[in-house]
Amino acid sequence: MNCTRCKNNLAAYTRKYSGEQLCSECFSNSIVRKTAKTISKYNMIKNNELVAVAVSGGKDSLALLKIIHEMSLTHNFRVKAITIDEGIPGYRNEALHIVEKFCNELKIEYKVYAYKDLFSLTLDEALEIRENQKTSSCSICGTLRRRAIDYAAKDIGADVIATGHNLDDTLQTFVINMLSGDTNKIGWTHPDTSGNSLRKIKPFCEIYESEIVFYAFTNDIPFQSEPCPHMNEGIRTEIREFLNSLENQHSGIKNNFYQSILKISDIVKSSNTKEKRICSKCGNQCTGTTCSVCNMILKLKEEQT
């Protein structure tokens, strides 16, 4: 069957929710256009800004780096890559090698920031000394990673941080926040972050994870195939499988769910009356006297001693 758009090339991808049959070239162009449209819609990148792309070595972040880099060649902004090394033996080394090679090929400046240097402990060391086993590795790693990315962006003088979070990530995070009762965080899922002191953007927020996988394959983007050894410790994997099952039975249901999340997050964001303060330990914005990152690091160091 020929491509629905160009009518010339053989179709390589079926987009079930739209009914389109796309060749590799038209499919890739559609991903680039959708990313550009999302950036434009939410004014994610402004003139002459430095964008720090957080690159883990996975499919999403490497695909985003490629697209953002190509956009920067015809638009007035600059790109640098930052990578966080959690210190997971036998896992992160492969990713660091892939990122280094990919950045060198694109001629993009990049820098690696390690948990060990920033927090005086690796993720594995943090997991060994955690007081409560109910505190998942993903919870600890996510908290430390966010702070590490913030530090890295400030260190290189970036105006905005771009991450490869896709539509599926948004849906999964929403469900996790609902199940855990953490409703305030629902407001954080909205793609408009223009009011934040350090803007974090997600240009892939309207694109399915499965489409980014195909984009990476069809554009010969190498990415880490080895899954994180801690990935099944949390509930996210179960939620991912559940949502994928729903999408297989009801094409487009993820898009519908995402549109609902946008409306809900906008309401929660507007009604969140918690006053933003400055953390007494690190100087970052938070809602209490001490931010969650500093609280976690203090607890870990107390348990370490």
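Just report the Cα centroid separation between segment 28-48 and segment 194-272, whole Å. Between the Cα centre of segment 28-48 and that of segment 194-272, the gap is 17 Å. Each Cα pair under 8 Å and six or more residues apart adds its sequence gap; the mean of these over the residue count of the chain is a relative contact order of 20 percent.
Scaled against the 2.2 N^0.38 Å expected of a compact globular protein of N residues, the Cα radius of gyration of segment 39-188 reads 1.11.
Simple spin-label estimate for Tyr17 and His97 gives 3.6 nm between the two label positions (7 Å along the Cα-to-Cβ direction from each Cα). Beta bridges assigned by DSSP with both partners in the chain are antiparallel in approximately 25 percent of cases. Annotation for Glu109 and Phe217: the two label points, set 7 Å from Cα along the Cα-Cβ direction, are 3.7 nm apart.
For the pair Leu246 and Cys282, the difference between a 0.36 nm per residue extended length and the Cα-Cα distance amounts to 8.7 nm.
Look at where the Cα atoms of segment 80-137 and of segment 280-295 average out, and the two centres are 23 Å apart. Of the residues Thr170, Thr287, ranked by 1.4 Å probe accessible area with the largest first, the sequence reads Thr287, Thr170. For the Cα trace of segment 84-137, dividing Rg by the Kirkwood Rh returns an Rg/Rh value of 1.11. For the chain, the equivalent ellipsoid derived from the alpha-carbon gyration tensor has semi-axes of 32, 22, 21 Å in decreasing order. What FRET efficiency comes out for Asp182 versus Thr237 if R0 is 22 angstrom and r is the Cβ-Cβ distance? Round to the nearest 0.05. Given R0 = 22 Å and the Cβ-Cβ separation, E is 0.70.
For the peptides 65-75, 142-152, residues were scored by their other Cβ atoms within 10 Å and the scores averaged per peptide; the highest-first order is 142-152, 65-75. All C-alpha pair distances within segment 100-248, sorted into 10 Å bins from zero, spread as 8, 30, 41, 19, 1 percent across the bins. The smallest convex shape that holds all Cα atoms of segment 26-92, its convex hull, gives 93 Å³ per residue.
In angstrom, the C-alpha Rg and Dmax of segment 242-305 are 19.2, 53. Once C-alpha pairs closer than 8 Å and six or more residues apart are averaged by separation and normalised to the residue number of segment 106-236, the relative contact order reads 28 percent. For the chain, a simple Cβ point-charge model (Lys and Arg +1, Asp and Glu -1, everything else neutral) yields a dipole of about 1040 debye relative to the Cα centre. Note on Glu302 and Asn8: the extension gain reaches 99.4 nm, defined as 0.36 nm multiplied by sequence separation minus the Cα-Cα distance.
The values are calculated or read from the model by the stated rules, or taken from the named source; none is laboratory data. Keep in mind that what you see is a predicted model, and the values were worked out from it rather than measured. Glycine gets a Cβ as well: all are built from the backbone with ideal geometry, and neighbour counts include every protein chain shown. Please note that ligands, DNA and RNA were not included when accessible areas were found on the heavy atoms of the full protein model with its side chains. Shrake-Rupley method; radii C 1.70, N 1.55, O 1.52, S 1.80 Å.
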